[in-house]
Amino acid sequence: MRSNVYLFWLLFLSLSARAQSPFVPLNADYYHLIDRLEIHQNKWADSFHSSVKPYNRQSVIQLVDSLTAHPGRGFSNTDYFNFDYLRNDSWEWVTRTDSIDRLDPFTRHLAIQNSPGDSPQPVLKHFYHKKADAYSLQTPDLDLHVNPVVYVGFGAEAYLNPNATPSSERRFLFTNTRGLEVRGTISGKLGFYTFFTDTQASYPEYVQRYGDIYSSRFNGAEGAAPGESFIKKFRTNGVDYLSARGYITFDALKIINVQFGHDRNFFGNGFRSLLLSDNSPPALFMKFTTRLGKRIQYTNLYSQLQNTQAQPTDKADKLIPPKFTAMHHLSINLNDHMNLGVFEAEVFSRDRVDLSYLNPIILYRYVESSQGSADNAFVGIDFKANFLSQFLVYTQFMLDEFRLRQLLDGKGDWTNKFAFQLGGKYIDAFNVPNLDLQLEMNLARPYTYSHERSATVSAGQTNYAHYSQPLAHPLGANFIEGLGIVRYQQKKLSANGIFGLMMYGADTAPDRNYGGNILQDYNSRIRNEGNFIGQGRKTIVTTADLRASYMLRHNIFLEGRYLYRFQSSQNIQDNYTDHVLSFALRWNLPYRNLVF
């Protein structure tokens, strides 16, 4: 029964399926190129709302075409390079006339009539006929794209803690990922995507420390790999894990898209999201996206999460008990320059899907109260504005619990838990083409996103986490963070810098809950009043993540990275400095930032 409701709706709606494009996988570098286009045209995209990610490939091509047809500000050579890159990457949605029409009208008939995305140098006659695809096939019934996925990286870490023994340590780091990515459409109606990789890796010390708090030890899992689920230990300090994502998608009606599968979703416009981010592992979900013209987009997202803090429901099979989320997000383009979003979510734990939460337009708080349940409810808003074809400002506010009397008392009551984000982007900064700057501030009060222990299930059933990892910000709660991001590109060469200053309060002992670890039961809090951000063991982290990439050919990157991380804690034993230098070859795989 857990997934029967999903399957019923899937089969029912697929009877009237219309053509639908697969989605571009979440990728910070790739999505920044799309954000640049929307800011550059000084109005919102016509075919999608960029606060809800991922975007489908057809919509991205429509945005590229719209911008090149009405450019507004001038484009740099790198901009034109990126236009071609995006077109080649989703060539199946580009019409042949897109390239032909740009030629001189008097000599156009002499040009070779290439199809979009064609590669001038196929490999072994059967591979890379298209620049973006190792193998592709187009027939009236099938559009197929197959690509290898490879990440081979190595590096070194220098870890220094003058108050520990030994005081310094040098460690060899590596990442070895191999896999396959397949996407396409069937009969022009059903889009599909699947991704599978096998990885062995050794991560820096700070990642391993993070995993001591936010990683699953369920059913013998060992080690930590942020954003991944079941982990096995590999050699001394390494981890071994599989990653898999996949979904199908179709338009049930002209205005309603359905997506069903196992993947990540993201609400927001920042480097982080305080509503729903891609921080945790992929999850089983069904998403309905309803678009009412260009102004309104309404998203219903239902997910099944893994509650690795609970005991197995079946000790013989060691099944991980589930918990569920139901989310609504309403995005409204108030005009060409302002967008407002309204968000609500409910996390609940049952032995099956609760049909009451499948109502796509009801207020979840009412459903929760009417059933007499104590599920975990959230409400939030997001807002963004663009101006002058160079600027975007954005904000998010997530409210976990609100009590007016306690708020007016001003005594630091543990309730009125909230998270807040404020940020901005400045493209072509100081009139330097393709120099982009971003500033962002995030904070969350103690105990935000956490929940209480149920009388009938194990602790942590309804906190805002999946596979023991936060669904929103990786730091959980009880933190404030400032980020500065610099991006610069010259065609195939790009440079990225992420600079962060984070302050958070850590627990001083396992039985002392200061509100930072969202997996803790908030009833174990240290006090009811006098709470503030940073309470507990005050910890300050300064980080600089520098990366240079060169694209050897389409989606094959050679890159080098240097990370500096300094942690200062009230407990001098936790003071340390981490230096990481690494080099990698990345092929058809997004770069994953590990800044926390």
Residues that are surrounded by fewer than 14 Cβ atoms within 10 Å (Cβ to Cβ) and among the hydroxyl-bearing types (S, T, Y): does the stretch 174-197 have at least one? yes
Residue hits (the stretch 167-179; within 24 Å of A201 (Cα to Cα) and out of contact with any helix residue (DSSP H, G or I) (no Cβ under 9 Å at 6 or more places or on another chain)) are S168, R170, F172, L173, F174, T175, N176, T177, R178, G179
F343 - would you say it is in contact with a His (Cβ under 6 Å, 6 or more places away or on another chain) and of a type in the set (F, W, Y)? yes
Restricting attention to the stretch 122-178, which residues are charged (D, E, K, R) and under 30 Å from Q573 (Cα atoms)? E157, E169, R170, R171
Within the stretch 169-190, the residues that are of a type in the set (S, T, N, Q) and outside any strand (DSSP E or B) are S187
Quick one: in the stretch 456-507, which of the residues that are on the phi > 0 side of the Ramachandran plot and of a type in the set (S, T, N, Q) is modelled with the lowest pLDDT? S468
Where in the stretch 1-111 are there helices (runs of 4 or more DSSP H), lying fully within it, with 2 or more residues that are modelled with pLDDT of 50 or more and aliphatic (A, V, I, L, M)? 4-14, 28-40, 57-69
Please name all residue pairs, on different chains or six or more residues apart, with Cβ atoms under 6 Å, provided the first residue is in the stretch 415-431 and is closer than 25 Å to Q489 by Cα and the second residue is of a type in the set (S, T, Y). G423/Y394
Quick check on the stretch 308-326: of everything there that is of a type in the set (A, V, I, L, M) and either modelled with pLDDT of 95 or more or part of a loop (DSSP other than H, G, I, E, B) (or both), which residue is nearest to R453 (Cα to Cα)? A310
On the basis of being under 23 Å from the mean Cα position of the chain (by Cα), touching a residue at least 12 places away in the same chain (Cβ under 8 Å) and surrounded by fewer than 18 Cβ atoms within 10 Å (Cβ to Cβ), does L585 make the cut? yes
When the stretch 421-431 is examined, which residues are found to be part of a strand (DSSP E or B) and surrounded by fewer than 20 Cβ atoms within 10 Å (Cβ to Cβ)? L422, G424, Y426
Check the stretch 433-448 and report whether any residue there is at pLDDT below 95 and among the acidic types (D, E). no
Strands (runs of 3 or more DSSP E) completely within the stretch 204-267 that count 3 or more residues being surrounded by 21 or more Cβ atoms within 10 Å (Cβ to Cβ): 238-253, 256-263
Every residue in the stretch 183-203 that is within 12 Å of V146 (Cβ to Cβ) and of a type in the set (D, E, K, R), please. R183
Pairs please, first residue from the stretch 152-168 and farther than 24 Å from I556 by Cβ, second anywhere and at pLDDT below 90 and β-branched (V, I, T), Cβ atoms under 9 Å, 6+ apart in sequence or on different chains. P162/I572; N163/I572
Which pairs have Cβ atoms under 8 Å, sit 6 or more apart or on different chains, and link a residue in the stretch 58-72 that is at positive phi to one that is assigned to a helix (DSSP H, G or I)? G72/H40
Does any residue in the stretch 29-56 that is in contact (Cβ under 8 Å) with a residue 60 or more places away in the chain and on the phi > 0 side of the Ramachandran plot come within less than 9 Å, Cβ to Cβ, of a residue that is surrounded by fewer than 22 Cβ atoms within 10 Å (Cβ to Cβ) and among the acidic types (D, E) six or more places away or on a different chain, and which pairs are these? N42/D336
Log entry, pairs with first residue in the stretch 193-218 being under 29 Å from P22 (Cα atoms), second being surrounded by fewer than 17 Cβ atoms within 10 Å (Cβ to Cβ) and at pLDDT 90 or above, beta carbons closer than 6 Å, six or more apart or on different chains, reads T194/V182; T194/G246; F196/L180; F196/A244; D198/R178; D198/L242
Mind checking which residues of the stretch 466-480 are surrounded by fewer than 23 Cβ atoms within 10 Å (Cβ to Cβ) and over 11 Å from N279 (Cα atoms)? I480
Give me the residue from the stretch 509-535 that is without any contact (Cβ under 8 Å) to a residue 60 or more places away in the chain and over 17 Å from Q309 (Cα atoms) and, out of that set, surrounded by the most Cβ atoms within 10 Å (Cβ to Cβ). G534
Here are N463, N496, N434: which of them is over 28 Å from D263 (Cβ atoms), touching a residue at least 40 places away in the same chain (Cβ under 8 Å), touching a strand residue (DSSP E or B) at 6+ places or on another chain (Cβ under 8 Å) and surrounded by 19 or more Cβ atoms within 10 Å (Cβ to Cβ)? N434
Any residue that is assigned to a strand (DSSP E or B), surrounded by fewer than 19 Cβ atoms within 10 Å (Cβ to Cβ), of a type outside the set (G, A, S) and in contact with a Gly (Cβ under 6 Å, 6 or more places away or on another chain) - is there at least one of those in the stretch 272-295? no
Which of the strands (runs of 3 or more DSSP E) found entirely inside the stretch 523-596 contain at least 1 residues meeting this: touching a helix residue (DSSP H, G or I) at 6+ places or on another chain (Cβ under 6 Å)? 556-569, 576-587
Report yes if D65 is charged (D, E, K, R) and more than 25 Å from the chain's Cα centre (by Cα), otherwise no. yes
Mind telling me which of the residues T577, T539 ends up being at negative phi and without any contact (Cβ under 8 Å) to a residue 60 or more places away in the chain? T539
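The values are calculated or read from the model by the stated rules, or taken from the named source; none is laboratory data. What you are looking at is a predicted structure, and each value in this text was computed from that prediction instead of being measured. Virtual Cβ from ideal backbone geometry, glycine too; neighbours counted across all protein chains shown.
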